Structure formats: structure tokens, C-alpha cells
Amino acid sequence: MKLFRFGAAGAEKPGVVVAGAKGEDVLVDASGFGTDWNEAFFAQGDAGLERLAKWVAANGRDEKVAPRLPAGTRLGAAVARPANIICIGLNYRGH
């Protein structure tokens, strides 16, 4: 499942990529799911991804619940307010 956030900077909303009728990727507004893609969503005990998968299966094709986004919509950072950013560099000296 591909997650993203979209909208004006600082006011992004959650979105998800679903398969369209012809198998193409379609960007969908997932605001109706009820939560943003933040640290609590990814917490192990919250089961956020499992709940989202069920929501997408039930509502992903319903444009009233999960509206399609127009081409050219601004995409933001995929995760809202991450608690940690971890970077790993291999052979750092060579860069």
C-alpha cells in the first residue's frame, strides 16, 4: 500500500494510492479514514495499516467517501510529524 499526504504546506491531508479500473495508480483522498499518517498510526499496538487496508477495501472505489485527486495536486511528506529521522550511510567517507 502506498501512502502520501497532499495539500497546502502545513495543512496536508492523508492519501492513499489505489488501483484504477485499468490498473493504473489513482491518488485518493483518505481523510474519511479519520487519522493522519503520524507516529500513533504506525505504532505496533494501533494496527493502523491493517485498519487502513480494511477501509480501502470497503471504500477505496467510492468517490463520495474517497474522492479522487486531480492531476497536479501538491504532494507533501508521507509521514506527519515523525518522532525520529534515522539516516544510514554506507561508506560515508567515499561520498
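The values are calculated or read from the model by the stated rules, or taken from the named source; none is laboratory data. Treat the numbers as computed from the prediction; the structure is a model and nothing was measured. Because the Cβ atoms are built from the backbone with ideal geometry, glycine has one as well, and the counts that use them run over all protein chains shown. Ligands, DNA and RNA are stripped out before the accessible areas are found, and what is left, the full protein with its side chains, is counted by its heavy atoms. Shrake-Rupley method; radii C 1.70, N 1.55, O 1.52, S 1.80 Å.
Residue selection: Ala30 satisfies the criterion of being free of Cβ contacts under 8 Å to residues at least 40 places away in the same chain, touching a Pro at 6+ places or on another chain (Cβ under 9 Å) and at negative phi. Looking across segment 13-62, the residues that are under 11 Å from the mean Cα position of the chain (by Cα) and open to solvent by 40 Å² or more (accessible area, probe 1.4 Å) come down to Lys13, Leu27, Ser31, Thr35, Leu49.
Of all residues in segment 40-61, none satisfies being part of a loop (DSSP other than H, G, I, E, B), at pLDDT 90 or above and in contact with a helix residue (DSSP H, G or I) (Cβ under 8 Å, 6 or more places away or on another chain).
Per the conditions (1) touching a residue at least 40 places away in the same chain (Cβ under 8 Å); (2) over 19 Å from Ala11 (Cβ atoms), the sole criterion not satisfied by Glu24 is (1). Of the residues making up segment 72-95, those that are modelled with pLDDT of 90 or more and either open to solvent by 60 Å² or more (accessible area, probe 1.4 Å) or in contact with a Cys (Cβ under 9 Å, 6 or more places away or on another chain) (or both) are Gly72, Arg74, Leu75.
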